[in-house]
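To keep things clear, I will list the structure first and then write my remarks on it.
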Amino acid sequence: MSFFIFIMSLPLWILFDKSTSNFQYLFKIEWINQFNINFYLGIDGISLFFIILTTFLIPICMLISYEIINKNIKEYFILYFILEFCLIISFSVLDLLIFYIFFESVLIPMFLIIGIWGSRERKIKASYLFFLYTLAGSLFMFIAIIHLFLTVGTTDYQILYYSNFDFSYEKLYFLAFFLSFAVKVPMLPFHVWLPEAHVEAPTAGSVLLAGILLKLGSYGMIRFLVPLFPKATLYFTPYVLVLCLISVIYASLTAIRQTDLKRIIAYASVAHMNFIILGIFSLTIQGLEGSIIQMISHGLVSSGLFFSIGCLYDRYHTRFINYYGGLAHTMPLFCIALFIYVLANMSIPGSSSFVGEILILTGVFEDNTTTAIFAIIGMFLGGIYSLLFYNRICYGNIQNIYLKIYYDLTYREFLIHLILIANIFLLGLYPKIFESCMHESVSKILIHIDFSYFY
């Protein structure tokens, strides 16, 4: 069923009109006429690929879970369909209040997936930490949406887009929305929930969390934060860039010293997502397009890395990195797949990450050379933890007798790796097919910003 949903989503891309920035495939149902609140959906070049990514990764998650999940199987897969529905609506809705409802609705199935099907004894604590952190941050956005409604008389995105707010109020709106999205990304100091959630979540849950759910925060910044509050965006951009750089370098250094395999990739995700926010707040076409491409790339690469860790955990039931070593002798196919993900995580030429990071750096250099230099330092640290991660798993002598017993990739695992790797190189070698769809929509956001406002 999930595979057919993915196939049904492809015509959205095939029939998409690249020459316009207008929303397409519009769908509207009147909900609360008295308050002019409607269930209003539409897709542009920004939201298109997040919907495709969602419909692509959900069947991957279900294939990962096959033969692994052995309790409450029906309920488990139903939660994934509910998640898919909520995510697709979140990425296509054009009403702020409806966006908030589905933005928060995503928490419920993910809370249950971590709490019921998590892999270790702290799964209940991790699920509550995930739920409460992200819910608390979003309450500020809810208050801001209510105030926007009382001020403008609607929560329709396309009306608010052309509204001109008082600067003092706009700064407060920006902070409220930014806090909500920063928790989801996550940015320092709101990142505490992510490593805990990843460590305790089942493999497919980690794939979905890193691959799609983290993108809700960065998507919200591109869709709502920057275009609705352009003056406040210009005002706060220097502070956001500093916070991003601190987050990238801190997360990279923390990843180097971790011993849990999932924690390493969790902190790597924090670093990559904050690198993406750097691109967004460069406020350049290259930076924004690079951020979107990098989000798609991170969805693929992080999924492959978490799935690789899941392959090891299913065999050896530990994620302690010192347990491993020398797996290239016993699991060569696995090590080849992991090596490709590690290289993509380091943004080698030809991979999807290379395109995204080059565009982001180009945009950041155009805006601020000093910021770009610190961003490159973060990339260098990313290379260090990526190579250490791979070296300690695959190279050296076999440290544990049990590592000799188990088999290499199964047909199911090989198929999943093949699909993910093929798409990583498709995006890396042919980025134009993605970039051409988003260019007009990205340009529309930047046209809306008056860069001379503070000069």
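Quick notes
- Look at the stretch 382-400: where a residue is closer than 16 Å to PHE334 by Cα and surrounded by fewer than 16 Cβ atoms within 10 Å (Cβ to Cβ) and a partner is of a type in the set (Gly, Ala, Ser) and at pLDDT 70 or above, sitting 6+ places away or on another chain with Cβ atoms under 6 Å, you get GLY396/GLY325; GLY396/GLY326; ILE398/GLY326.
- The one condition from (1) touching a strand residue (DSSP E or B) at 6+ places or on another chain (Cβ under 7 Å); (2) within 22 Å of ILE292 (Cβ to Cβ) that VAL199 does not meet is (2).
- Residues within the stretch 298-334 that are touching a residue at least 12 places away in the same chain (Cβ under 8 Å) and over 30 Å from ILE277 (Cβ atoms), tallied: 20
- Conditions (1) over 30 Å from ILE32 (Cα atoms); (2) at pLDDT 90 or above; (3) among the charged types (D, E, K, R): number failed by GLU196: (2)
- Residue list for the stretch 247-287, restricted to those being over 24 Å from LEU225 (Cβ atoms) and among the aromatic types (Phe, Trp, Tyr): TYR267
- Residue match in the stretch 286-295 (condition: surrounded by fewer than 24 Cβ atoms within 10 Å (Cβ to Cβ), at pLDDT below 95, over 12 Å from the mean Cα position of the chain (by Cα) and in a helix (DSSP H, G or I)): yes
- Wholly within the stretch 111-195, helices (runs of 4 or more DSSP H) carrying at least 3 residues that are over 16 Å from PHE99 (Cβ atoms): 123-152, 167-184
- Residues being surrounded by fewer than 24 Cβ atoms within 10 Å (Cβ to Cβ), closer than 21 Å to GLY220 by Cβ and of a type in the set (S, T, N, Q) - total across the stretch 253-285: 1
- Number of positions in the stretch 30-64 that are aromatic (Phe, Trp, Tyr) and surrounded by 20 or more Cβ atoms within 10 Å (Cβ to Cβ): 4
- Taken together, the criteria place GLY118 among residues that are at pLDDT below 90, crowded, with 18+ Cβ neighbours inside 10 Å and more than 26 Å from VAL152 (Cβ to Cβ).
The values are calculated or read from the model by the stated rules, or taken from the named source; none is laboratory data. Remember, predicted model here, so these are calculated numbers, not experimental data. Virtual Cβ from ideal backbone geometry, glycine too; neighbours counted across all protein chains shown.
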